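Have a look at the structure below before the remarks.
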Amino acid sequence: MKVGVVGATGEVGRTMVKVLEEKNIDINELRLFASKKSEGKEIKFKDKIYYVEELTEEKMKEKYDYLLFSAGGSVSKKYAPIASEYGNTVIDNSSAFRMVNDIPLVVPEINGDIIKGYRGIIANPNCSTIQMVLALRNVEKELGISEIFVSTYQAVSGAGNKGIKELLDQQNGINNINHFPEIINNNVIPIIGPVLENGFTEEEMKMVNETRKIYDDYGIKVYPTAVRVPVLYGHSESITFRVKKKSTLEDVKKLLSSVDNVVYTDDLVTPINIAGSDITYVSRLRQMDETTFLIWVVADNVRVGAATNAVRILLKHYELNNNKRDE
Ligand code: 2RA
């Protein structure tokens, strides 16, 4: 398999390479792309050193089995269509194509089957969306969900290498508040990304819109508040959800416990104890009434919320299509 990673030197890009290695995917050619300033950087994959190449339009016209993108929306908008036009399957982690009608937005455990027979750009959902829809997957499937009230507590790694450095600098007494005003040590800021005309942030509206597309249920009402917290890895979410069919605590616990790559536990779960895991952890299940339940969901945002979901999409696409190329 020939795989390319665009944005290979970023936090998510480097994790994509790590997950590709961990999943022991049969890759006989790996190409790593980034901006010119990163050209020549070394990245290890399966005990071999690979050198980062400058991303160019010409290189996107080559034939790959898969291209994984995580270099920001502007890079995806410029280069992903070229790669797709030349017959490549692109898995894009940016928000550039997520809400484009004919582009699949995929969490493989939920709607992976929609990419059978598909070739082109596949969108990877936003990290805070992935862990929420994954945790609620079987509740939605068996009971139906009418409303979701969610507050997120998002790690600074969601803002990539720069976000991590900003927090670490602040914690070491260096006054680095250059890129992300919401990254403030010892504080929590209820603003992530631009605030839109409706008063919600772009981050919050991603959870509203992406949830509906992934569940293919545009009647679900999502009420989000996205908060940045001074944590390095791991998004936490406090979720209250209202189901359509009356249910019991035990039944809902069974549904939460029956999703692939999701673990329900009555133990305390925090970002620090799950960082580095590919599992979405659900805990603190409570029942308010016959249709209203509350949970606490934690997952590594760089892995579950980006790199691992992207690689799971690649594996699902390959499984469904044996990656028969149209020569
Ligand atoms: C964040 N979800 O946490 C956004 C983008 N990864 O910053």
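The values are calculated or read from the model by the stated rules, or taken from the named source; none is laboratory data. These figures come from a predicted structure and were not determined experimentally. Methodologically, a virtual Cβ is constructed for each residue, glycine included, from the backbone with ideal geometry; neighbour enumeration extends over all protein chains shown. Note: accessible area is taken over every heavy atom of the protein model, side chains too, but ligands, DNA and RNA are not part of it. Shrake-Rupley method; radii C 1.70, N 1.55, O 1.52, S 1.80 Å.
When only alpha carbons are used to place a centre, the stretch 1-77 and the stretch 186-208 end up 30 Å from one another.
Across the stretch 46-170, counting alpha-carbon atoms alone, Rg and Dmax equal 17.3, 50 Å.
Could you size up the charge dipole of the stretch 129-301 around its Cα centre, putting +1 on the beta carbon of Lys and Arg and -1 on that of Asp and Glu, and report it in debye to the nearest 20? Dipole size: approximately 200 debye.
Taking every alpha-carbon pair in the stretch 20-91 and binning the separations at 10 Å intervals from zero gives 18, 50, 31, 1 percent. Spin-label model, Asn178/Asp289: points 7 Å from Cα along the beta carbon direction are separated by 5.3 nm. Shape summary of the stretch 129-301, radius of gyration then Dmax from alpha carbon positions: 16.6, 53 Å. Per residue, the solvent-accessible area of the stretch 129-301 (1.4 Å probe, heavy atoms of protein chains only, all protein chains present) comes to 45 Å². Run the count for the stretch 129-301, please: Lys pairs, Cα-Cα under 23 angstrom, 8 or more apart or on different chains. Lysine pairs, 8 or more places apart or on different chains, close enough: 22. The alpha-carbon of Lys36 sits under 18 angstrom from the alpha-carbons of these aspartates and glutamates, leaving out residues fewer than 8 places away in its chain: Glu11, Glu53, Glu54, Glu57, Glu58.
Counting only Cβ charges, +1 for Lys and Arg and -1 for Asp and Glu, the dipole size of the stretch 220-327 around its Cα centre is about 340 debye. In the stretch 70-142, what percent of the accessible surface is made up of carbon and sulfur (1.4 Å probe, ligands and nucleic acids excluded)? The C+S portion of the solvent-accessible surface of the stretch 70-142 is 47 percent. Taking the three principal axes of the alpha carbon atoms in the chain, the coordinate ranges are 58, 52, 41 Å, sorted in descending order. Relative to the longest principal axis of the Cα atoms of the chain, the long axis of helix 11-22 makes an angle of roughly 80 degrees. How much of the DSSP bridge set in the chain is antiparallel, in percent, rounded to the nearest 5? Counting DSSP beta bridges with both partners in the chain, the antiparallel share is about 50 percent. Beta bridges from DSSP with both residues in the stretch 129-301: antiparallel share about 70 percent, rounded to the nearest 5. In terms of distances greater than 18 angstrom between alpha carbons, the cross-link table entries Lys2/Lys59; Lys23/Lys59; Lys77/Lys316 yield Lys23/Lys59; Lys77/Lys316.
Note on the stretch 129-301: dipole from Cβ charges, positive end direction compared against Val282, Leu168, Pro230; the farthest Cα belongs to Val282.
Rounded to the nearest 20, the size of the Cβ-charge dipole of the chain about its Cα centre is 200 debye, with Lys and Arg at +1 and Asp and Glu at -1. Taking the 0 to 90 degree range and rounding to the nearest ten, how far is the long axis of helix 73-85 tilted relative to the main principal axis of the chain, both from C-alpha atoms? Once rounded, one gets 60 degrees.
Against the main long axis of the alpha-carbon atoms of the chain, helix 308-321 sits at an angle near 70°. Sorting 307-315, 165-173 by their mean Cβ neighbour count within 10 Å, with the most densely packed peptide first, gives 307-315, 165-173.
Placing unit charges on the Cβ atoms of the charged side chains and taking the dipole of the stretch 129-301 about its Cα centre, the candidate lying farthest along the positive direction among Phe149, Thr248, Phe200 is Thr248. For the stretch 46-141, the residue among Val106, Leu136, Ala96 whose Cα projects farthest onto the positive side of the dipole built from Cβ charges is Leu136.
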